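In what follows, a structure is listed as structure tokens, so that the remarks can point back to it.
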Ligand code: NI
């Protein structure tokens with residue numbers, strides 16, 4: 001039987017700074033450019049959470065969209081929306097808050113909350129022109 005994907009689109013605003021504490025100021029500036037600005041900067045992140053699985057014949061759902069929406073709100077948006085990722089969150093105290101790492105962290109937060117047989121893909125837009133996908137296969 002074919003699998004079906006359901007996608008929930010969400011949005012959050014966060015501030016961040018890309019910085020590697022093991023590098024000099026010059027190297028950080030060279031690698032991360034404006035994203036290394038010491039006083040942080042913000043992004044309007046668009047998040048797509050894709051859940052893939054076999055439809056439950058009794059409901060016709062892969063997952064109840066309301067359940068998925070509540071899960072994302074409680075576990076992701078409440079944690080990251082209107083926050084400074086470097087300063088306000090445990091996840092990015094030592095992990096550089098690149099789009100790649102944010103997508104991976106969101107995956108790692110949500111995956112254990114889903115039924116085991118469901119697959120999960122995260123797409124995260126940092127700008128209208130740049131997005132990352134995790135995991136990629
Ligand atoms: Ni940035």
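No lab work stands behind these numbers, since they all come straight from the coordinates. Quick caveat, the model's predicted, so the values are computed rather than measured. Glycine also receives a Cβ, built like all others from the backbone with ideal geometry; neighbour counts cover every protein chain displayed.
Structural remarks
- Of all residues in segment 90-101 being buried (at least 18 other Cβ atoms within 10 Å of the Cβ) and touching a strand residue (DSSP E or B) at 6+ places or on another chain (Cβ under 6 Å), the one that is nearest to residue 45 (Cα to Cα): 99
- Top-ranked residue of segment 1-27 - restricted to ones that are within 13 Å of the ligand (Cβ to nearest atom) and surrounded by 14 or more Cβ atoms within 10 Å (Cβ to Cβ), ranked as farthest from residue 102 (Cα to Cα): 19
- The set of residues from segment 30-53 being within 14 Å of the ligand (Cβ to nearest atom) and free of Cβ contacts under 8 Å to residues at least 24 places away in the same chain comprises 31, 32, 33, 34, 35, 36, 37, 38, 39.
- The residues on offer are 56, 115, 78, 119, and the sole one that is without any contact (Cβ under 8 Å) to a residue 60 or more places away in the chain and over 14 Å from the mean Cα position of the chain (by Cα) is 56.
- Condition check for residue 60: away from the ligand (no atom under 15 Å from the Cβ), exposed (fewer than 13 other Cβ atoms within 10 Å of the Cβ) and at positive phi: yes
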